[in-house]
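In what follows, a structure is listed as structure tokens, so that the remarks can point back to it.
Since every read-out is calculated from the coordinates, none of them should be taken as a lab result. These figures come from a predicted structure and were not determined experimentally. Here the Cβ positions follow ideal geometry from the backbone for every residue, glycine too, while neighbour counts run over all protein chains shown.
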Ligand code: AMP
């Protein structure tokens, strides 16, 4: 069993890397953003609640997100997993610890993609917006999502460093090169 989470600022390529990483460990790829988007597309109650926040580039309230992750992590295919986009707040870190304790599990590692150049990230995302069809991929919302990351999620890096499970990986360069760096970390766990 391998239980990982991957984090990084918006545009750092965490979604792409999470898919490959889940394949590598034979685990579930659990992306809260993807689950929210599915719910929006299917016009569920959860989707209707989440959409307002997502379209504005804000975080969906913790109680909504936490309940969704608790359900997902208790499904039988989630013994090994890569969490992508959760936790994003310090409260979500605590909640994840609680959920994992309930199922007798703990995280093996946290991969933090490091890309210092914010402008490069914004430009990457503007490019992605041409094909993504995402309502939250406008320049204004993209910039706001970077700010929200700095205000709320960057603080998770020192928290996981304190837990002794943080692995910072250079997120710049070609997708395959970043994947190889992540692979080396995961093989060493
Ligand atoms: P992502 O695909 O990870 O960029 O997520 C897209 C959007 O979904 C975010 O901008 C948030 O509005 C929402 N979202 C995803 N994960 C979370 C989370 N852990 N907590 C709160 N909101 C989230």
Pairwise FRET efficiency - residue 170 versus residue 43, Cβ, R0 = 41 Å, nearest 0.05
0.55
Can you give the convex hull volume per residue for the Cα atoms of segment 75-189, as a whole number of Å³?
142
Each label point is 7 Å from the Cα along the Cα-to-Cβ direction; what then is the distance between the points at residue 94 and residue 19, in nm?
3.6
Mean separation of Cα contacts under 8 Å (at least 6 apart) over the residue count of segment 9-136, i.e. the relative contact order in percent, is 36
For residue 127 and residue 75, FRET efficiency with R0 = 30 Å and r from the beta-carbon atoms, rounded to 0.05?
0.30
If a/c stays under 1.5 just call it rounded; otherwise compare a/b with b/c (prolate if a/b is bigger, oblate if not). Do that for segment 49-108, with a ≥ b ≥ c from the square roots of the Cα gyration tensor eigenvalues.
prolate
Using just the helices of the chain, give the 222 nm mean residue ellipticity in deg cm²/dmol: DSSP H runs with n ≥ 4 each add -39,500 (n - 2.57), and the total is spread over all residues, rounded to 500.
-17000 deg cm²/dmol
Compute the FRET efficiency between residue 62 and residue 163 as 1/(1 + (r/R0)^6), taking r as their Cβ-Cβ distance and R0 = 35 Å, and round to the nearest 0.05.
0.95
Residues 1, 68 in order from fewest to most other beta-carbon atoms within 10 Å are 1, 68
Grab the Cα-Cα distance for residue 180 and residue 101, subtract it from 0.36 nm times how many residues apart they are, and report the gain in nm with one decimal.
25.3 nm
Cα gyration tensor, segment 110-178 - rounded (a/c under 1.5), prolate or oblate:
oblate
